[in-house]
Amino acid sequence: GWAGRVKMAAGGAADAQARFGHSVKGLLTEKVTSCGTDVIALTKQVLKGSRSAELLGQAARNMVMQEDAILHSEDSLRKMAIITTHLQYQ
């Protein structure tokens with residue numbers, strides 16, 4: 001009677017505790033997986049940002065080089081115009 005009911009109650013409590021422990025483990029596993037996925041996404045974003053900064057720097061350097069080439073060409077055109085003017089006078 002009474003002892004049997006106590007054993008059943010204790011067994012039920014142990015069962016509920018086991019189920020609770022199992023669900024907590026499941027939730028923890030889920031959270032760890034989710035956190036891992038977030039860390040991977042963040043890492044990819046940081047690397048992407050780093051790559052973007054690198055590309056921007058490269059584009060800026062290219063623009064400076066092109067600007068130098070344009071200024072040099074402009075200077076050459078000016079000199080050629082002067083030479084042309086001199087040749088026309090001769």
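Using the Cβ-Cβ distance between Thr37 and Asp15 with R0 set to 35 Å, the FRET efficiency works out to roughly 0.60. Extension gain, Asn62-Val46: 0.36 nm per intervening residue step, less the Cα-Cα distance, totals 3.3 nm. Along the range 59-73 the Karplus relation, 6.51 cos²θ - 1.76 cosθ + 1.60 evaluated at θ = phi - 60°, assigns HN-Hα couplings of 4, 5, 4, 4, 5, 4, 4, 5, 4, 4, 4, 5, 4, 5, 5 Hz to successive residues, with x for each Gly and Pro.
All of the numbers you see were taken from the coordinates with simple rules; none came from a lab. Source: prediction; values computed, not measured. Don't worry about glycine lacking a Cβ; one is built from the backbone with ideal geometry, like all the others, and counts go over all protein chains shown.
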